[in-house]
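> Mind looking over this structure? Questions follow.
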């Protein structure tokens, strides 16, 4: 039976591909779970329409991510923290602290997008990577100062 994949399925293919699978596998597993639809002429036409919509949405997301990346790259945020001798912080600067500082600047991101190479445990200047889209990331300059 020929089916159109609605999602990426390991060992079968990527979303939107037309593949041949066993009738029982399609009827008993793939179709009831909503992973595929039967490859009829009507379904193929609607798939092409959905692909165009998805591509346009992806373009918009990528453009907004690039704009946000340029905005983030030009920023330097300052985080105040209590510190002891020799500039060593009590605790460390976490991704949540960085997200909160960005929120004050008007930039809303998820803490999973922030990649710290190593924990920030001292006063000083640091650069962290913010992954905004699959292939778009922006460097963010952070200045940690004593409270």
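> Counting DSSP beta bridges with both partners in the chain, what percentage is antiparallel, nearest 5?
Numbers: 21 of 27 bridges.
About 80 percent, rounded to the nearest 5.
> Still on this model: Normalising by the residue count of region 67-146, find the relative contact order in percent from Cα pairs under 8 Å and 6+ residues apart.
Details: 136 pairs, mean separation 31.8, N = 80.
Over region 67-146, the number comes to 40 percent.
> Pairing the Cα long axis of helix 41-73 with the longest principal axis of the chain, what angle in degrees results, from 0 to 90 and rounded to the nearest 10?
Tilt of helix 41-73: around 10 degrees.
> Now for a separate question. How large are Rg and Dmax for region 2-64 when calculated on the C-alpha trace, in angstrom?
Values for region 2-64 (Cα only, Rg and Dmax): 13.1, 44 Å.
> With an 8 Å Cα cut-off and a minimum separation of 6 or more residues, compute the relative contact order for the chain in percent.
20 percent
> Report the label-to-label distance for residue 17 and residue 100 in nanometres (one decimal), using points 7 Å from each Cα along the Cα→Cβ vector.
Placing both labels 7 Å beyond Cα along the Cβ direction yields 4.6 nm.
> Next up: Evaluated at 37 °C with a viscosity of 0.692 mPa s, what Stokes-Einstein diffusion coefficient in µm²/s does region 67-146 have when Rh comes from the Kirkwood expression over alpha-carbon pairs? Let's see the in-between values first.
On the way: Rh = 12.9 Å.
Result for D is 255 µm²/s.
> Can you give me the angle between helix 95-104 and the longest principal axis of the chain, using Cα atoms only, in degrees from 0 to 90, rounded to the nearest 10?
The angle comes out at about 80 degrees.
> Sort all Cα-Cα distances of the chain into consecutive 10 angstrom bins from zero, then give the percent of pairs in each bin up to the one containing the longest distance.
Taking every Cα pair in the chain, the percentages come to 10, 28, 18, 16, 16, 9, 3, 0.
> Give me the distance in nm between label points sitting 7 Å out from Cα along the Cα-to-Cβ direction at residue 40 and residue 116, one decimal.
5.5 nm
> How many nm is it between the label spots at residue 71 and residue 57, if each spot is 7 Å from the Cα in line with the beta carbon?
2.2 nm
Read-outs throughout are calculated quantities, based only on the coordinates presented, and are distinct from any laboratory measurement. None of these values were measured; they are calculated from a predicted model. Here the Cβ is made from the backbone with ideal geometry for all residues, glycine too, and neighbour counts use every protein chain on show.
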